[in-house]
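As structure tokens, the structure follows; a few thoughts come after it.
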Amino acid sequence: MADFDAIESIKKRTSVRTYSKRPVEERKLESIKAFVEENAGNPFGAAVRLNILHTRENPRIGAYGLIRGAKVYLAGCVEKSEKDVEGFGYEFERAILYATSLGLGTCWIGGLFTRGAFSTALKPDGGFIPAVSPVGYAAEKTSLPERIFAAGVGARARKPFAELFFDGEFGNPIKADEKTAVCLEMVRIGPSASNKQPWRAVRNEKGIHFYLKEDKKYAGNTMFGFCMQRLDMGIAACHFELSAKRTGLSGGIVFEDPGLPLDGLNYSFTWRYGQR
Ligand SMILES: Cc1cc2nc3c(=O)[nH]c(=O)nc-3n(C[C@H](O)[C@H](O)[C@H](O)COP(=O)(O)O)c2cc1C
């Protein structure tokens, strides 16, 4: 994998919704394309295809709402499979983090974008397009609607560590070693749809088991034909795994539901220590 410091990118990334007129250098876009190709694949076994699209060639692509001045998009599609949404979340976020390492701004858009126009450009061919993101330089001043939105969802706020990660059972905050703590912290500060932070994790002797605390009332989970918050689980897996590589925490992502009695939580994936 092209060497970039994922932990730096995770810390640096924030959603950028207002873009400057400064064009993105072609070599940076080529570098993102090469990165995406070289690293194709994800632990969820999903068939993801990502691409860079320009509004000059696809004038109808865009996002409704708060995005201003975007001329280039990272977009992609995934074939239908059991863990398609998580796999897309993982690969898309990895590309976002790489773009961040190049000094570029991005913003996950899972909701309102011109799906038809992106479909025409990407030809998902039986698959679907879970999300897109502008790619560009952040404007010096954000727009007023963006500031109001960011304040509304509390964009910078995150739930405390002790509310998310547990040892053995809920209510028992995890006492993690330093490397594990860094990786979990990188999950905690990640982006999520409407900043709902639906990831929870419980550690037992087998590993760290990650769960989705789905918000059943969230329109994003029903409006678009897939559960948007499953993207957040893919992002969590991406942040944990890339951080583990940086910190030297050995292990790997596996799917072994330990069958813990956890009401209202959906099992997603496990980090098993000591396995690559
Ligand atoms: C799966 C997903 C979908 C999102 N969809 C949108 C969207 O449609 N429009 C938008 O403005 N922001 C969207 N966001 C951005 C979140 O609102 C943002 O990540 C969150 O508020 C945290 O702020 P931050 O990214 O600046 O850390 C989405 C984020 C994720 C992970």
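The values are calculated or read from the model by the stated rules, or taken from the named source; none is laboratory data. For clarity, every value in this text was computed on a predicted model and none was experimentally measured. Ideal geometry is used to build each Cβ from the backbone, glycine not excepted, and the neighbour counts take in all protein chains shown. Remember, those area values only see protein heavy atoms, side chains included, never the ligands or the DNA or RNA. Shrake-Rupley method; radii C 1.70, N 1.55, O 1.52, S 1.80 Å.
Data overview
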{"quantity": "Any hit, region 55-75, residues being closer than 27 Å to L184 by Cβ and in contact (Cβ under 8 Å) with a residue 40 or more places away in the chain", "calculated": "yes"}
{"quantity": "Count of region 206-217 residues which are free of Cβ contacts under 8 Å to residues at least 40 places away in the same chain and in contact with a helix residue (DSSP H, G or I) (Cβ under 7 Å, 6 or more places away or on another chain)", "calculated": "1"}
{"quantity": "Members of region 99-124 found to be within 14 Å of the ligand (Cβ to nearest atom) and in a helix (DSSP H, G or I), listed by number", "calculated": "A99, T100, R115, F118"}
{"quantity": "Which listed residue, of R60, R68, R49, is open to solvent by 20 Å² or more (accessible area, probe 1.4 Å) and either touching a Gly at 6+ places or on another chain (Cβ under 7 Å) or assigned by TED's automatic domain parsing to the domain that holds F226 (or both)", "calculated": "R49"}
{"quantity": "Pairs with Cβ under 6 Å, 6+ apart, first in region 136-152 and part of a loop (DSSP other than H, G, I, E, B), second open to solvent by 80 Å² or more (accessible area, probe 1.4 Å) and more than 12 Å from the ligand (Cβ to nearest atom)", "calculated": "Y137/R22"}
{"quantity": "Selected residue (only one of F92, F118, F88 is over 17 Å from the mean Cα position of the chain (by Cα) and open to solvent by less than 10 Å² (accessible area, probe 1.4 Å))", "calculated": "F118"}
{"quantity": "Of residues in region 125-164 being over 21 Å from the mean Cα position of the chain (by Cα) and away from the ligand (no atom under 13 Å from the Cβ), the one least open to solvent (accessible area, probe 1.4 Å)", "calculated": "A139"}
{"quantity": "Qualifying residue in region 212-219 (condition: in contact with a Phe, Trp or Tyr (Cβ under 8 Å, 6 or more places away or on another chain), away from the ligand (no atom under 11 Å from the Cβ) and among the aliphatic types (A, V, I, L, M))", "calculated": "yes"}
{"quantity": "Unmet requirement for F44, which otherwise passes all of (1) assigned to a loop (DSSP other than H, G, I, E, B); (2) away from the ligand (no atom under 16 Å from the Cβ); (3) touching a Phe, Trp or Tyr at 6+ places or on another chain (Cβ under 8 Å)", "calculated": "(2)"}
{"quantity": "Sole residue being open to solvent by less than 10 Å² (accessible area, probe 1.4 Å) and within 12 Å of the ligand (Cβ to nearest atom), chosen from M233, M223, M228", "calculated": "M233"}
{"quantity": "Hits in region 175-191 (condition: within 16 Å of the ligand (Cβ to nearest atom) and open to solvent by 20 Å² or more (accessible area, probe 1.4 Å))", "calculated": "E185, R188, I189"}
{"quantity": "Filter result for the condition that a residue is open to solvent by 50 Å² or more (accessible area, probe 1.4 Å), more than 26 Å from R13 (Cβ to Cβ) and either of a type in the set (S, T, N, Q) or in the same structural domain as A46 (by TED's automatic domain parsing) (or both), over N172, N204", "calculated": "N172"}
